[in-house]
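Heads up, the thing below is written out as structure tokens.
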Amino acid sequence: MTFDYDLFVIGAGSGGTRAARIAAGHGAKVAVAEEFRIGGTCVIRGCVPKKVLVYASRFADAFADAAAFGWTIPQAPVFDWSVLRAAKETEISRLSDIYAANLERSKVEIFRQRAVVAQPQAVTLADGRTVSARHILIAAGGAPSMHPHIEGLEHTITSNEIFDLETFPRRLLVVGGGYIAVEFACLMQRLGSAVTVALRGDNILRGFDDDMRVGLRDQMQAAGVTFRFGALPVGVTLDGETRRVTISNGDTLDFDAVLIATGRHPATQGLGLEAAGVRLSPHGAVKVDGGSTTNVPSIHAVGDVTDRIALTPVAIREGHWLADRLFGGGSREVDYDAVASAVFTTPEIGTVGLTEAAAREKFDVVDIYKTSFRPLKATITGGSERVVMKLVVDGESDRLLGAHILGAEAGEIIQALGVAVKMGAKKADLDATMPVHPTAAEELVTMRERTARYIR
Ligand SMILES: Cc1cc2nc3c(=O)[nH]c(=O)nc-3n(C[C@H](O)[C@H](O)[C@H](O)COP(=O)(O)OP(=O)(O)OC[C@H]3O[C@@H](n4cnc5c(N)ncnc54)[C@H](O)[C@@H]3O)c2cc1C
């Protein structure tokens with residue numbers, strides 16, 4: 001049987017573009033459909049524009065700290081949102097163009113329109129054409145989940161819209177306590193918003209190590225963010241440009257923007273998957289095996305649409321190895337153990353491996369090494385920030401199970417430490433490593449005294 005394509009990819013984001021290029025490199029005839037902008041969430045309205053905003057926000061700290069180091073800033077610094085927005089747009093357009101050029105150079109055909117699955121080996125495009133493909137890859141990503149119990153949701157925004165707001169919100173309500181919520185809370189507050197965070201739980205960042213959660217919450221509070229724990233908005237009404245928000249405890253608060261950041265869900269609605277016989281999880285994620293193939297052998301899925309670990313490098317790795325397997329004779333399966341990641345708050349969190357709580361559930365003897373200190377810079381500025389570092393160690397084998405850092409450049413530091421954790425390093429290996437001085441990271445190899453030992 002002949003097909004129009006060997007591989008048809010739905011979604012030109014992190015996972016889809018990587019799979020398309022690698023498959024084409026193996027000699028496959030490949031097409032990709034994208035209904036929004038080439039590059040996907042990460043490039044257009046996720047990691048990259050967010051990091052641009054994070055960089056912008058940290059100038060606030062630099063200006064505030066400058067005087068302690070002898071600098072006089074002649075006038076109060078003024079921030080212009082429209083300049084930052086334009087700079088962000090230039091960068092994401094540049095990256096999107098590079099993604100498109102790379103696909104074209106790899107001889108991947110691009111359809112700039114929506115595509116849905118018509119049959120296990122056929123795809124229908126928005127313009128009405130149906131094309132056949134030996135393999136179909138679902139790489140449609142995820143979308144922000146809107147909270148169904150809030151009346152007046154139309155007066156709120158999600159992370160999709162915040163990057164392109166016409167007017168900078170002087171008062172911002174962030175709803176949610178996950179990493180996207182706290183990242184925006186930190187950066188918007190430094191750019192000049194009065195930020196309130198409302199969340200259902202009693203602390204931010206569920207699933208992260210408790211010392212990181214508490215440390216970050218305290219430092220966000222110290223930086224001026226207001227928290228409303230155990231409180232969610234129930235209604236939003238418009239009064240001119242003001243969003244009047246009723247909170248579950250009955251309070252009414254006014255904001256210029258309300259950012260709903262209560263999580264994301266796989267973007268599988270209307271993709272034709274059920275009709276093609278593809279099994280989905282109860283909340284709509286495409287179910288796949290270790291090689292990213294669904295129960296329908298010709299249909300595969302990678303990235304956020306599968307709800308494994310929703311991070312860009314994971315989607316890229318899944319796409320790459322799927323293409324290797326389908327067209328290059330590869331057989332590798334992605335290893336989801338000890339995936340390092342960062343939360344780009346100020347201060348940042350870098351994390352890899354097990355939290356203390358998870359380790360204590362799994363291992364009989366868990367040793368904790370913990371330090372909390374004022375970074376050198378803060379001793380000059382008089383700032384109250386503290387760096388927190390924590391190592392979670394298997395007390396029986398001495399193996400490093402997890403590492404957690406709260407502090408400047410924690411994302412950069414954890415990348416290197418992630419290699420050690422992945423290689424199965426022991427605490428003794430860290431002890432044997434010569435510190436780099438003067439750095440904050442040197443504390444990771446100089447923690448001699450055990451803070452706690454937990455025996456199950
Ligand atoms: C605000 C924010 C910040 C983030 N920060 C980070 C971070 O710091 N680090 C990190 O690792 N990850 C981060 N992420 C997560 C990261 O962006 C995702 O994990 C990653 O983009 C997933 O890649 P993907 O290929 O699965 O999907 P996506 O990159 O979302 O790509 C899917 C693409 O498919 C397209 N599409 C969907 N349906 C169709 C259809 N039917 N036809 C045609 N096209 C379709 C979409 O338009 C989209 O372009 C962040 C996400 C958000 C929202």
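The values are calculated or read from the model by the stated rules, or taken from the named source; none is laboratory data. Note that the coordinates shown come from a computational prediction; the quantities given were computed from them, not determined experimentally. Note that we place each Cβ from the backbone using ideal geometry, even for glycine, and neighbour counts take in every protein chain shown. Surface accessibility is based on the protein's heavy atoms, side chains included, excluding ligands, DNA and RNA. Shrake-Rupley method; radii C 1.70, N 1.55, O 1.52, S 1.80 Å.
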Task: Cα-projected label distance for GLU442 with SER248, points at 7 Å along beta-carbon direction, nm - done: 4.7
Open item on the list: Per residue, how much accessible surface does segment 335-383 expose to a 1.4 Å probe? Answer in Å², no decimals.
Closed with: 44
- [ ] Please work out the FRET efficiency for the pair GLU274 and ARG456, using the Cβ-Cβ distance as r and a Förster radius of 60 Å; give the result to the nearest 0.05.
- [x] 0.85
Open item on the list: Tell me which DSSP H helices of the chain clear both cut-offs, 30 Å or more of axial length from alpha-carbon atoms and a mean Kyte-Doolittle hydropathy of at least -1.0.
Closed with: 81-105
Task: Rounded percent of accessible protein surface that carbon and sulfur make up, segment 235-392, 1.4 Å probe - done: 50
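Could you rank the peptides 112-122, 176-186 by their average count of other C-beta atoms within 10 Å per residue, with the highest value first?
176-186, 112-122
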- [ ] Can you tell me the order of 416-428, 433-445 when each peptide is scored by its average per-residue count of other Cβ atoms within 10 angstrom, highest first?
- [x] 416-428, 433-445
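Tell me whether the chain comes out rounded, prolate or oblate; compute the Cα gyration tensor, take square roots of the eigenvalues as a ≥ b ≥ c, and use a/c under 1.5 as the rounded threshold.
oblate
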Open item on the list: Along the Cα→Cβ direction, 7 angstrom out, place labels at GLU151 and PHE63. What is the inter-label distance in nm?
Closed with: 4.1
Open item on the list: Given contacts defined as C-alpha pairs under 8 Å and at least six residues apart, what's the relative contact order of segment 6-58, whole-number percent?
Closed with: 37
- [ ] Round to the nearest 0.05 the FRET efficiency obtained for ALA432 and ALA358 when R0 = 25 Å and r is the Cβ-Cβ distance.
- [x] 0.40
Task: the chain, relative contact order in percent, only Cα pairs under 8 angstrom and at least six apart counted - done: 15
TODO: Could you give me the radius of gyration and the Dmax of segment 83-241, taking only the C-alpha atoms into account and expressing both in angstrom?
DONE: 20.7, 58
- [ ] Largest first and in whole Å, give the semi-axes of segment 14-107's equivalent ellipsoid, each being the square root of 5 times a Cα gyration tensor eigenvalue.
- [x] 40, 13, 10
- [ ] Quick one: which residues, 5 or more positions from VAL197 or on another chain, have an amide H under 5 Å from its amide H? H modelled 1.01 Å from N in the peptide plane, none for Pro or chain starts.
- [x] VAL174, THR226, PHE227, ARG228
- [ ] Kindly state, to the nearest 0.05, the FRET efficiency for THR2 paired with ARG94, given R0 = 35 Å and r defined as their beta-carbon distance.
- [x] 0.35
- [ ] Take every Cα pair under 8 Å in segment 303-382 that's 6+ residues apart, average their separations, divide by the length, and report that relative contact order as a whole percent.
- [x] 13
Open item on the list: Which entries of LYS107/LYS287; LYS390/LYS426; LYS370/LYS422 have Cα-Cα distances beyond 18 Å here?
Closed with: LYS107/LYS287; LYS370/LYS422
